[in-house]
Every structure is written in structure tokens, then in C-alpha cells.
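Right, one structure below, let's go through it.
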Amino acid sequence: MNKLKFYKVATILLLILNVVLVSAFLITKPKGGPGGNDRINVQDHFKMDETQHDLFLKKVEMHHDEMKSIKEKQIEMLKSYLSNVNESQNSEGKEVVMNMVKELEGNKLTSTYNHLKEVKSILKDDQLPLFDSFLKHRIEAMSKIGRERMPQRKK
């Protein structure tokens with residue numbers, strides 16, 4: 001077999017392999033975006049009217065902003081705490097940072113609790129029985145977040 005024929009066959013085989021691999025990726029691609037399986041369509045679940053749904057979206061936006069603010073504060077605390085590794089930081093300074101971190105975690109928990117209470121307050125009496133299944137679903141989704149956010153090892 002001469003070189004030209006070999007390269008033609010190799011090129012065709014690589015092209016076929018490439019098409020098979022791309023097809024496999026597309027077929028096995030998870031449906032939905034990030035958190036797609038953990039999301040519930042609240043408007044459909046509770047059969048909300050437009051006013052309720054708009055209010056719900058505003059509450060979600062406010063909660064998201066609050067959680068983002070807390071997370072940013074946590075990152076700043078982490079940076080200040082870890083930047084002093086080379087210095088001999090006194091234990092009093094470490095204790096202050098640790099207490100701030102604990103307070104921020106408490107703020108996140110309180111914020112989430114209050115947000116869920118606000119969501120419940122939006123609902124009408126006939127929608128309230130559906131809140132238990134919604135709450136269970138949200139708790140399960142929040143429980144998964146920690147495992148999914150674990151950093152992946154680089155190869």
C-alpha cells in the first residue's frame with residue numbers, strides 16, 4: 001500500500017471515529033442547564049397566577065442577591081485569614097475571623113429560612129398543601145449542591 005492510499009484510509013477512519021464520538025457526546029448529554037434536574041417549575045407546581053409568579057421571581061432575585069453578598073463577604077474573610085499563613089497571627093485574630101465566618105454561615109441559613117417563609121406567604125390557601133412537596137424537593141436539591149461543587153482534580 002502506498003503512502004497516499006494509507007493517508008486517505010487513515011483520514012477517513014479518523015473522520016468516522018470523530019463523528020461517532022461527537023454523536024456519543026450529544027446522545028449522552030444531560031438534559032437542561034445547570035441544576036436542570038433539581039429545578040421545579042414553581043408556576044406550574046403551585047398553579048400560580050401572573051401576579052404571584054412575578055412576586056415569587058422578585059423574592060428569588062432578592063434572596064439570590066443576599067446570598068451573593070454573603071458569599072462575597074465569606075471570600076474576603078477567607079482571603080484575609082489565609083493570607084496570614086506566613087505571619088504569626090495571634091489566636092485572638094484567628095478567633096475573630098472564625099466567629100465572623102460562623103456568623104456569615106448563620107446569616108445564609110437564616111436568609112434561606114426567611115426566603116422559604118416568604119414563598120409560603122405568597123401562596124393561597126388552596127396552594128399551601130403543595131408547599132410540603134416543594135420544600136422537600138428544595139431541601140434535596142440544596143443537599144446535593146455541596147457534593148456537586150467539590151473541585152475536580154485536574155489531569
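Okay, here's what the table says:
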quantity	calculated
In Hz, Karplus ³J(HN,Hα) per residue of the stretch 47-53 (6.51, -1.76, 1.60; θ = phi - 60°; x = Gly, Pro)	6, 6, 7, 4, 4, 4, 5
Solvent-accessible area of H137 with every protein chain in place, 1.4 Å probe, in Å² to the nearest 10	50 Å²
In Hz, Karplus ³J(HN,Hα) per residue of the stretch 100-112 (6.51, -1.76, 1.60; θ = phi - 60°; x = Gly, Pro)	5, 5, 4, 5, 5, 5, x, 4, 5, 5, 5, 4, 5
Total formal charge among the other residues, if their Cβ is under 14 angstrom from that of K47, Lys/Arg +1 and Asp/Glu -1	-4
In Hz, Karplus ³J(HN,Hα) per residue of the stretch 134-141 (6.51, -1.76, 1.60; θ = phi - 60°; x = Gly, Pro)	4, 4, 4, 4, 5, 5, 4, 5
Solvent-accessible surface (1.4 angstrom probe) belonging to T11, in square angstrom, nearest 10	90 Å²
Cα-centre dipole for the stretch 50-149 with unit charges at Cβ (Lys and Arg positive, Asp and Glu negative), debye to 20	260 debye
Sparse-neighbour loop sites [GluC sites (Glu not before Pro); the stretch 69-101; at most 16 other C-beta within 10 Å; DSSP]	E87
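The values are calculated or read from the model by the stated rules, or taken from the named source; none is laboratory data. All of these numbers come straight from a predicted model, not from anything done at the bench. Positions of Cβ are backbone-derived with ideal geometry, glycine not excepted, and every protein chain shown enters the neighbour counts. Just so you know, the surface numbers come from the protein's heavy atoms only, side chains and all, with ligands and any DNA or RNA stripped out. Shrake-Rupley method; radii C 1.70, N 1.55, O 1.52, S 1.80 Å.
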